[in-house]
Amino acid sequence: MLRPFHLGWQSAATPGDRARRLVADVAALTEEETDAEYDRVVHDFAERHWQTEAMFDRRYEDVERGLGLEQAGFSITRKRLIGAYFCHEYTYAAAALMNPSIVPHPDQSGVGRGGCRFVMSLRAVGEGHISSVAFREGIANPDGSFDLWPESAFATALELDDTLQACETGAVAVHRHPESSLSNSVIFPITEQQRQGLEDLRLVRFDHAAPGAPPDYEWIGTYTAWNGASIRSELLRTRDFRRFVLEPIEGRAGRNKGMALFPQKVGGQYAMVGRQDGKNLFLLRSDDLAHWDDDGVLLMEPAFPWEFIQIGNCGSPILTDAGWLLITHGVGAMRKYALGAALLDRDDPSKVIGRTREPVLTAEDADRSGYVPNVVYTCGVLPVGEQLLIPYGISDSAVGFAVVAIADLLALLV
């Protein structure tokens, strides 16, 4: 992936000096030297990236505005060469790939009977341990099989949307290029609070419609914004997976990680499951999707050895005939992660009907080795007919898939 490179523009002592010197060095080249150097850049990188020269053009425009070069009179080749000096290659998933979430795709046209086209998000970690959000698309079938759509060698970063710049609340909007596919799009940190990463997106297809009305879907994700010193929970909101709004969750509950939104209002209020004290699970309610002041009610505490250190949710609850099915994770001895499940009352999800005494999925054999060993983790599962498709991170180094019949999972609850 091609990314902007800042070269210390923000130096307080000499703001912009390093960047100006770099531009001056390129400006001092003869036209012949400029052409020759740019030819080398194109030869080395044009086939490694999508719309490479267009990125150079956009990057030069940033430099021009930042340094006041509007009257410089550079040739198009010199402008692109300057733009290239302010870009670099970035492998967004070089360090880790984990913690997937999965939701029905907005476009279900042409899908076979009982199947579901899906969008899967992933937490990708690259150079500098910076986390970003990547996407894959695919189709899940009622027999438990699935297909991932092909992913090209080119990845593109979503761009800041001029219609919504950073405002007092910290909300920003981004959009992907109209010619790019979702499976090749990446959302990088934008705001200061997000500087070190967007972590563990938990997506849900939320229905805003009143009971009995046609569905009014919005895809909403909760994630952790990490700036290197503090965390804050934030929301990702989209209607089409082309344009996204990223906004902070205000209120006391927003200071914690791992919040998962129910797919509809419960009792006339928005509801989330979250870990407010670092160990236990709480049920939170709010009248405002972006403001959560409720400290919540205690939902579950660790009860079994595989979860004695802490428990958490693995994405949004799923409504079944039996109640709200919640996939959970627990951390046990030697910081080994495992997945379990719980069932919450349909009308009052603060009531726990049952939970699994033993893990339903745990790291074994080769899955125990990786960037962070002994971890299986998911941020969301997909009901397809009578089954659940569960994408899960394997030791933060790969993603696997499991399938389980909902009835079989419910039968394990005690």
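In whole Hz, what ³J(HN,Hα) sequence does the range 397-402 give by Karplus (6.51, -1.76, 1.60; θ = phi - 60°), x for Gly and Pro?
Calculated HN-Hα couplings, in order: 10, 6, 10, x, 9, 10 Hz.
Residues with beta-carbon under 12 Å from that of residue 394, excluding residue 394: net charge, scoring Lys, Arg +1 and Asp, Glu -1?
After counting each charged neighbour, the total is -3.
Any idea what Rg and Dmax come out to for the chain if you just take the C-alpha atoms, in Å?
23.4, 78
Note down the net charge around residue 47, summing +1 for each Lys or Arg and -1 for each Asp or Glu among other residues with Cβ under 15 Å from its Cβ.
-2
What residues qualify as long-range amide H neighbours of residue 96, i.e. H under 5 Å apart, gap of 5 or more or another chain, H built at 1.01 Å from N?
Residues meeting the amide H criterion: 125.
Taking θ as phi - 60°, what are the ³J(HN,Hα) couplings along the range 199-214 by the Karplus curve (6.51, -1.76, 1.60), each to the nearest whole Hz, with x for Gly and Pro?
Rounded to whole hertz, the list is 10, 6, 5, 10, 8, 8, 8, 9, 9, 7, 5, 5, x, x, 8, x.
Note down the net charge around residue 153, summing +1 for each Lys or Arg and -1 for each Asp or Glu among other residues with Cβ under 10 Å from its Cβ.
It works out to a net charge of -1.
Could you sort 368-379, 185-196 so that the peptide with the highest average Cβ count within 10 Å comes first and the rest follow in order? Display every interim value, and only then the final one.
On the way: 368-379: 20.3, 185-196: 18.7.
Highest to lowest by the protection proxy: 368-379, 185-196.
If the cut-off is 17 Å between C-alpha atoms, which aspartates and glutamates fall inside it for residue 279, apart from same-chain ones fewer than 8 positions away?
By straight Cα distance, residue 279 reaches 295, 301, 307.
Provide the packing ranking of 224-230, 270-276, 395-401, i.e. peptides ordered by the mean count of other C-beta atoms within 10 Å per residue, highest first.
270-276, 395-401, 224-230
A short reminder: the numbers here are calculations on the coordinates, not readings from a lab. Please read all numbers here as calculations on a predicted model, not as lab measurements. Cβ atoms come from the backbone with ideal geometry, glycine included; neighbour counts cover every protein chain shown.
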